[in-house]
Amino acid sequence: MTLMLICILWVFASAGVAMLPMRQQYIPGIALLIAAPVLIFFIGQQVGWFMALLAIAAFVSMFRNPLKFIVAKLRGQNPQVPQ
């Protein structure tokens, strides 16, 4: 039950961060980006691997642009940051 409430709060927090102007999204967005794999791990432990797989798909869909940016930085490229 606690995991479900934390996940619901994460979803509301991500919706709130999405409504912020782009320059104010970085710090809370990074916190959500770090918290998501931890939550997905616990979802996999408590609910099962299939639900964790669905959560991973949703996570990648929501954070596709930040993940592309991180991958480009790790490759040594210089991606453009939105203003």
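Couplings 3J(HN,Hα) for the range 27-41, derived from phi with the Karplus relation 6.51 cos²θ - 1.76 cosθ + 1.60 (θ = phi - 60°), are 5, x, x, 5, 4, 5, 5, 6, 6, 4, x, 5, 4, 5, 4 Hz, where x marks Gly and Pro.
A 1.4 Å probe run over the chain, with the rest of the protein chains in place, finds 78 Å² accessible per residue. With Rh defined as the Kirkwood radius, the inverse of the mean 1/r over Cα pairs, the Rg/Rh of the chain is 1.01. Here the 3J(HN,Hα) profile of the range 5-20, calculated from phi with Karplus coefficients 6.51, -1.76 and 1.60 at θ = phi - 60°, is 5, 5, 5, 5, 4, 4, 5, 5, 5, 5, 5, x, 5, 5, 7, 6 Hz, Gly and Pro shown as x. Axis of helix 49-62 versus longest Cα principal axis of the chain: the two differ by about 30°, to the nearest ten degrees. The fraction of accessible area contributed by carbon and sulfur in the chain is 73 percent, rounded to a whole number (1.4 Å probe; ligands and nucleic acids excluded). Given their separation in residues at 0.36 nm each and the Cα-Cα distance between them, Leu20 and Val38 gain 4.1 nm when the chain is fully extended.
The values are calculated or read from the model by the stated rules, or taken from the named source; none is laboratory data. Remember, it's a predicted structure, so these values are computed and weren't measured experimentally. Each accessible area value is taken on the protein alone, full model and side chains, heavy atoms only, with ligands, DNA and RNA left out. Shrake-Rupley method; radii C 1.70, N 1.55, O 1.52, S 1.80 Å.
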